């Protein structure tokens, strides 16, 4: 498997939201999170691939497109990833979610 390539498939909404998140993370003190310099290679490859594959990031209505993509993804995820409300009472078991 040395130097074999893999393919990661994302929807347009997933790619747009992930690209924005990755850009914001890269602009922070990512060095505190990245504990192995080898991780920078895939981070930069993913960011570069997304930048060239997403002309939307240069659109004048980028913010609106990003907000719409976030909204659609949140709706499709249901309660997955939401933090429990502090006023929701005792903790409840959260069912596992299958992501396809």
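The values are calculated or read from the model by the stated rules, or taken from the named source; none is laboratory data. Values in this document were obtained by computation on a predicted structure and should not be read as measured data. Note: ideal-geometry Cβ built from the backbone for every residue, glycine included; neighbour counts use all protein chains shown.
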Item to check | Output for region 35-48, where each listed residue is under 13 Å from residue 23 (Cβ atoms) and surrounded by 13 or more Cβ atoms within 10 Å (Cβ to Cβ) | outcome: 43, 46, 47
Checklist entry - Is it fair to say residue 48 is at pLDDT below 90, outside any loop (DSSP other than H, G, I, E, B) and out of contact with any helix residue (DSSP H, G or I) (no Cβ under 7 Å at 6 or more places or on another chain)? => result no
Checklist outcome for this item: Taking region 17-34 and the residues there that are surrounded by fewer than 10 Cβ atoms within 10 Å (Cβ to Cβ) and not in a helix (DSSP H, G or I), the one that is farthest from the chain's Cα centre (by Cα) would be 29
